[in-house]
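Asks: First the structure, then my questions, so here it is.
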Amino acid sequence: MLRNNGIGLAASQVGIPRRLFIVGIGDEPLRVFINPHIIARSQETTEFEEGCLSFPGLYFNVVRPLAVDIEAVDMHGKPLRISADGLLARVIQHEYDHLDGILFIDRVSPVKRKRALAHYGRMLKM
Ligand SMILES: [Zn+2]
């Protein structure tokens, strides 16, 4: 994740079938979320450009709630509860989606997705 300038990675992205993801934004210490549950989402939403380590070079504007409350277990086995907003809330939601098999491309309009994936397919062949 760090080598590829990622700021989040879900276990399922690297073939590990566990409900676990990590988030590391800038110089902040890595946060580990084990068996996470998003327990609240703000009504207010925000649009922001996202990428994904599973789709290098592909970026979409994705609308998501501005803030979330999440409960999980940390890497020491201790319960963790965070009220997150901004970039942290966004990364948490993106990674949380991975655990349910939802990709960021599933969160944009079908037309936009089709166009981008066609472009992406051409990029991969180059
Ligand atoms: Zn991703």
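No value in this document is a laboratory result; all are computed from the given coordinates. These numbers come from a predicted model, not from an experiment. Because the Cβ atoms are built from the backbone with ideal geometry, glycine has one as well, and the counts that use them run over all protein chains shown.
Asks: I need a count of the residues in segment 92-106 that are of a type outside the set (D, E, K, R) and either over 25 Å from residue 30 (Cβ atoms) or near the ligand (Cβ under 9 Å from one of its atoms) (or both). Walk me through how you get there before you give the answer.
Replies: The initial filter retains those residues of segment 92-106 that are of a type outside the set (D, E, K, R), namely 92-94, 96, 98-99, 101-105.
Right, trim to either over 25 Å from residue 30 (Cβ atoms) or near the ligand (Cβ under 9 Å from one of its atoms) (or both) and you get 94, 98, 103-105.
Counting residues in segment 92-106 that are of a type outside the set (D, E, K, R) and either over 25 Å from residue 30 (Cβ atoms) or near the ligand (Cβ under 9 Å from one of its atoms) (or both) gives 5.
Asks: If you check 58, 9, which single one turns out to be at negative phi, surrounded by 12 or more Cβ atoms within 10 Å (Cβ to Cβ) and either basic (Lys, Arg) or assigned to a strand (DSSP E or B) (or both)? Reasoning before the result, please.
Replies: Details: 58 fails: either basic (Lys, Arg) or assigned to a strand (DSSP E or B) (or both).
Within the list 58, 9, the selection yields 9.
Asks: Please go through segment 61-94 and pick out each residue that is over 18 Å from residue 49 (Cβ atoms), of a type in the set (Gly, Ala, Ser) and not in a strand (DSSP E or B). Walk me through it before giving the result.
Replies: Pass one, segment 61-94, residues over 18 Å from residue 49 (Cβ atoms): 67-84.
With the extra rule that they be of a type in the set (Gly, Ala, Ser), the set shrinks to 67, 72, 77, 83-84.
If the condition is that a residue be over 18 Å from residue 49 (Cβ atoms), of a type in the set (Gly, Ala, Ser) and not in a strand (DSSP E or B), then 77 is the only one that fits.
Asks: Okay, next question. Being farther than 27 Å from residue 16 by Cβ and either in a helix (DSSP H, G or I) or touching a strand residue (DSSP E or B) at 6+ places or on another chain (Cβ under 8 Å) (or both) is the filter here, so list the residues in segment 95-115 that pass it.
Replies: 110, 111, 112, 114, 115
Asks: To continue, here is another question. Checking residue 109 against (1) away from the ligand (no atom under 14 Å from the Cβ); (2) of a type in the set (Gly, Ala, Ser); (3) within 13 Å of the chain's Cα centre (by Cα), which single condition isn't satisfied?
Replies: It fails just one condition, (3).
Asks: I would also like to ask the following. So, in segment 1-21, of the ones that are free of Cβ contacts under 8 Å to residues at least 24 places away in the same chain and of a type in the set (Val, Ile, Thr), which residue ends up farthest from residue 57 (Cα to Cα)?
Replies: Going through the qualifying residues, I end up with 16.
Asks: Collect the residues in segment 55-91 that are of a type in the set (Ser, Thr, Tyr) and within 15 Å of residue 31 (Cα to Cα), keeping them in residue-number order.
Replies: Answer for segment 55-91, where residues must be of a type in the set (Ser, Thr, Tyr) and within 15 Å of residue 31 (Cα to Cα): just 83.
Asks: Before we move on, is residue 90 among the charged types (D, E, K, R), touching a strand residue (DSSP E or B) at 6+ places or on another chain (Cβ under 7 Å) and closer than 19 Å to residue 32 by Cα?
Replies: Details: among the charged types (D, E, K, R): yes; touching a strand residue (DSSP E or B) at 6+ places or on another chain (Cβ under 7 Å): yes; closer than 19 Å to residue 32 by Cα: yes.
Yes, satisfied.
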